[in-house]
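See structure below.
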Amino acid sequence: MEDHGLFAISDFAELTRTTRDTLLYYDKIGLLPPAARGENNYRYYSSRQFTIVNVIRTLQELGMTLDEIKNLKDQRTPESTDELFLSQIKQIDAIINEWVRARKLLFTLQKSIHSALGVNEKEITVQFLPAEAIILGDLNDYSQGRDDMDTLLSFYIDANQKYPDLNLNYPVWAVFSVERVKRGDLVWPDRYYFYNPEGHDKRPAALYAIGYQRGFYGQSGDLYRRMFDYIDRNGLEICGDAYEEYPLNEVSVSDDTNYLMRVMIPVRER
């Protein structure tokens, strides 16, 4: 039968990268009957059926059931097939977008970890940091008995409304205004922010005094005091809002008392 452009079921299964049992099942449900039957009722398939197998496999990978594929096969028109393909393309695009967003999140989390590996946690340094994209919240409102958890929830709600297409599953950090930093008023932050490569705001490029402290969230200990003393002793002055974050947090550290805080305070020579 192969001499007439037909293939035995085992050969056809190998050529189409499927299995004999799969082809038998396709035949049983009427999805892909053989092109011909030979002696002893053997099944034979034509080269024209290669494409049909590929289409079936592709549609299955897109989430369609065999019954749905059979209905399409039995009732297909150019218009209905085009409409189906357009729908599937939209679904694929949505999945691709989700994976792209997930990759950006993982890259940002990985970058945060890398930034903290090997640092001298006892040392305060002064470094120039380039601008970096962030999502920056509005000024926090602590009136009418609102606390930091209330304002954090408001930050998430506002961010979801302003950036509905962005992945907001990023760690959230704190900004303290330059005025409050100079006063040493560091209880609750003025704003919240998180790094996001699609953020419309920027952590400004500046010369920063940078210090580290181990502990749970909000336990800055004497870090700010040590930084203020360092800034004063080195002839510097604070000239911008302070950024407080935890590059090593629950994502990468199992002991929540051993998170690594980083504080970055813009400075300049007096």
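The values are calculated or read from the model by the stated rules, or taken from the named source; none is laboratory data. Small disclaimer: the values here were computed from a predicted structure and weren't measured. No Cβ is skipped: glycine too gets one built from the backbone with ideal geometry, and neighbour counts run over all protein chains shown. Just the protein is used for accessible areas: all its heavy atoms, side chains included, with ligands, DNA and RNA removed. Shrake-Rupley method; radii C 1.70, N 1.55, O 1.52, S 1.80 Å.
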When the stretch 174-200 is checked residue by residue, the ones that are assigned to a strand (DSSP E or B) and either surrounded by fewer than 16 Cβ atoms within 10 Å (Cβ to Cβ) or within 18 Å of the chain's Cα centre (by Cα) (or both) are TYR193, PHE194, TYR195
Count of residues meeting criterion [open to solvent by 20 Å² or more (accessible area, probe 1.4 Å) and either among the small types (Gly, Ala, Ser) or without any contact (Cβ under 8 Å) to a residue 60 or more places away in the chain (or both)] in the stretch 218-252: 14
Of the candidates VAL251, VAL263, the one satisfying the condition of being modelled with pLDDT under 95 and within 22 Å of ILE113 (Cα to Cα) is VAL251
Count - residues of the stretch 23-54 that are within 15 Å of THR65 (Cβ to Cβ), free of Cβ contacts under 8 Å to residues at least 24 places away in the same chain and surrounded by 15 or more Cβ atoms within 10 Å (Cβ to Cβ): 0
Are any residues in the stretch 204-225 in a loop (DSSP other than H, G, I, E, B), among the hydrophobic types (A, V, I, L, M, F, W, C) and over 14 Å from PHE128 (Cα atoms), and if so, which ones? PHE216
I need the full set of residues from the stretch 125-153 which are more than 18 Å from ARG180 (Cβ to Cβ), under 27 Å from the mean Cα position of the chain (by Cα) and of a type in the set (Gly, Ala, Ser), in order please. ALA131, ALA133
Determine whether ALA102 is within 30 Å of MET227 (Cβ to Cβ), modelled with pLDDT under 90, open to solvent by less than 80 Å² (accessible area, probe 1.4 Å) and assigned to a helix (DSSP H, G or I). no
How many residues, within the stretch 137-166, are in contact (Cβ under 8 Å) with a residue 12 or more places away in the chain and either among the hydrophobic types (A, V, I, L, M, F, W, C) or buried (at least 18 other Cβ atoms within 10 Å of the Cβ) (or both)? 8
Does the stretch 136-149 contain any residue that is within 22 Å of ARG214 (Cα to Cα), in a loop (DSSP other than H, G, I, E, B) and not aromatic (Phe, Trp, Tyr)? no
Looking at the stretch 56-87, which of its residues are assigned to a helix (DSSP H, G or I) and among the basic types (Lys, Arg)? ARG57, LYS70, LYS73
Look through the stretch 253-268, keep the residues that are in contact with an Asp or Glu (Cβ under 9 Å, 6 or more places away or on another chain) and over 16 Å from PHE128 (Cβ atoms), and return whichever of them is surrounded by the fewest Cβ atoms within 10 Å (Cβ to Cβ). ASP256
